[in-house]
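Every number here is computed from the coordinates shown, using simple stated rules; none is lab data. Since we're looking at a predicted model, the values are computed, not measured. Quick reminder, even Gly has a Cβ in these numbers, built from the backbone with ideal geometry, and neighbours come from all protein chains shown.
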Amino acid sequence: MNEILNISGVVMDFPTPKGPFTALNNINLKIAEGEFVSLIGHSGCGKSTVLNIVAGLHQATNGGVILNGKEVSEPGPERAVVFQNHSLLPWLTAYQNVELAVKQVFKNTKSKVEMQAWIKHNLNLVHMDHAMHKKPDELSGGMKQRVGIARALAMQPEILLMDEPFGALDALTRAHMQDTLMEIQNELRNTVIMITHDVDEAVLLSDRIVMMTNGPAATIGEILEINLARPRDRIALAEDTTYTKLRAAVLSFLYEKQRKIEPIAEHAKKKSEMKASNSAAA
Amino acid sequence: MIRNIFTTLQALVIPLIGMIVFIMLWSMAASNINTSLGKFPGPQAVLTQFSALYTEHKAERVKEKAFIQRQVERNAKRVAADPDYVPKMRAYTGKETFLDQIITSLVTVSCGFLLAALIAVPLGISIGLSKTLNTAFNPIIQIFKPVSPLAWLPLVTMVVSALYATPDPVVPKSFLNSMITVTLCCLWPMVINTSVGVASINIDLVNVSRVLRLPALKHVQKIVLPASIPMIFTGMRLSLGIAWMVLIAAEMLAQNPGLGKFVWDEFQNGSSDSLSRILAAVFVIGFIGFLLDQGMRQIQRLLSWDKSTASR
């Protein structure tokens, strides 16, 4: 396996009036070419910060990221980002949104005709060729995110960074998008880092799941290899014992080892105990 | 279908009722106010003045034609008598009619507004993009924004007189005075709205631009400008409204040609028709102000991607 990305010793402090707040502490991760890695963890644990550091949108306080032997110091199209809320330019059509990226990335390498074909090819990949001349306002949430993915793919990135790409979508649309993404991955074998909240999504799509501990000073808790054969089928997997075990492992990490919310029964018990002691004091 | 007709009727009938009630109240109040120039004009008197003003305008044009005709004939005669004579044409020197004044005011306000927009939009964009510039300019803007045009006018007049001292001016000084005063007053809402629009661009869109490594100029052209177009137009509509109000005041005070001068001249004239002519001018000023705003709204609809702000 060919290592493409190396995150080493990354620490992230955010300045606050009360002194620096350590969001991330000592993140180390190596990713191989063509690997699909999911980052999972409770909200606020700094998953997005990790992604933003890899994207170059944030600068790590300590440590760094090396992509293909070069240190990451600023954002760039070789690390294309799919943002959570699509972030398409609302005044451009789907086609023009992809065009903006293609014109910028391939301005010296592709001719006008090649660019047109490339834009259409990428919109085709995400099944958006029928609505490519519509503006984002006229598209549904899922369709907007498809265009967002097409724009990122069209940059022909060395690594694709996805920040909860399907988080804002309803369950059915999300399943549909996951299928499209797997289909594209079968063809292109991109290296992907995806942030998600969704355990099923992580197991279904990933080669490895990186589970993060709760912040502050969040770090990588466990890494789970997903050795399920590809292409994967969500219906067949539902009965698969390996799948169920992997899913249970992630769930156990999130809800037992890194429990954020105390179970309701315990919470109620504590409350009644407090009440009792209060009334006793009175 | 029937419901539709009903709502259209409602949209037509209710404003009409409002108008009728207003006219009734106006004529009732007018007949009870006695000024030194006679009774305060009612609707009938104003209507009469509208047609009178138009008749005067046409009469003046006939006179102008005759004036030019006389000049041409005289010149022809002199050239016939003395072939070396180079004929001169003098412009008509009669007084400006109400319609002329309207056109002068419209030209002045457009020029003043355009000049302000040319300064305000680039300035607003730079202020919106740079925190340092914003901190530097903010106090200046905040102090100049509430200044009345009447305070600027003497300064502008003196500066224009000092700097624009050519024997053969391309545009009259009075035009420059009014125009620059308009510019100074309607600059600020555009600067403020543009800079707020630019500063409040969705961070994700800025990140898209960073990931694509768009050069600074392209970033402004492709991301910043389109994203802040709705706010820029909000500022422009505010500014144009201010520009029109400022212009009338400036023309009145400085005796620069235009609708403001018309109002002032009529006031000084003090005939029994003066008040009704002034009131006619008031309606015209209001109506033109309304049309200017509507025109701006149409341009906004045409240019802005955000149709929801354009419909307001």
**Report entry** Reach of residue A:18 by Cα under 13 Å, taken over aspartates and glutamates that are not fewer than 8 positions away in the same chain
**Finding:** none
Query raised in the report: Where does helix A:264-281 land angle-wise versus the long Cα axis of chain A, in degrees 0 to 90, nearest 10?
Result: 40
Query raised in the report: Does chain B come out rounded, prolate or oblate by the C-alpha gyration tensor, with a ≥ b ≥ c the root eigenvalues, rounded set by a/c under 1.5 and, if not, prolate when a/b is larger than b/c and oblate if not?
Result: oblate
**Report entry** Calculated FRET efficiency for the pair residue B:118/residue B:68, C-beta based, R₀ 35 Å, to 0.05
**Finding:** 0.45
**Report entry** Label-point gap, in nm, between residue B:166 and residue B:91 - each point 7 angstrom along Cα→Cβ
**Finding:** 1.4
Query raised in the report: Across the residues of A:100-108, average count of Cβ atoms on other protein chains within 10 Å?
Result: 3
Report summary line: Taking the alpha-carbon centre of each part, the distance from the range B:15-73 to the range A:5-54 in Å is 76
Requested in this report: Quick one: check the C-alpha center-to-center distance for the range A:208-224 versus the range B:192-232, whole angstrom.
Outcome: 35
**Report entry** Highest-fluctuation residue, A:175, A:150, A:229 considered, GNM on chain A with Cα pairs under 10 Å
**Finding:** A:229
Query raised in the report: Against the longest alpha carbon principal axis of chain B, how many degrees, from 0 to 90 and to the nearest 10, is the axis of helix B:131-144 turned?
Result: 30
**Report entry** Loop chymotrypsin sites (Phe, Trp or Tyr not before Pro), the range B:5-46, which have at most 10 other Cβ atoms in a 10 Å radius of their Cβ (DSSP)
**Finding:** none
Query - On Cα atoms only, tilt of A:112-125 relative to the major axis of chain A in degrees - result: 40
Requested in this report: Among the chymotrypsin sites (Phe, Trp or Tyr not before Pro) in the range B:120-165, which ones are in a DSSP loop with at most 15 other Cβ atoms within 10 Å of the Cβ? Mind listing them?
Outcome: B:164
Requested in this report: Set the Förster distance to 45 Å, then compute FRET efficiency between residue B:302 and residue B:272 from the Cβ-Cβ distance, nearest 0.05.
Outcome: 0.45
Query - Global form of the range B:4-90, assessed from the alpha-carbon gyration tensor, a/c cut-off 1.5 - result: oblate
Report task. Go through B:65/B:88; A:135/B:218; A:107/B:218; A:47/A:134; A:30/A:107 and tell me which ones have a Cα-Cα distance over 24 Å in this structure. Result -> A:47/A:134; A:30/A:107
Report summary line: Percent antiparallel among DSSP beta bridges confined to the protein assembly as shown, rounded to 5, stands at 55
Requested in this report: Go ahead and set up a Gaussian network model of chain B, Cα springs under 10 Å, then flag whichever of B:173, B:261, B:63 fluctuates most.
Outcome: B:63
Query raised in the report: In percent, how large is the relative contact order of chain A, given Cα pairs closer than 8 Å and 6 or more residues apart?
Result: 24
Report summary line: So the FRET efficiency between residue B:25 and residue B:58, C-beta based with R0 = 35 Å and rounded to 0.05, is 0.55
Query - Loop-located trypsin sites (Lys or Arg not before Pro) in the range A:129-213, at most 12 other Cβ atoms within 10 Å (DSSP) - result: A:189
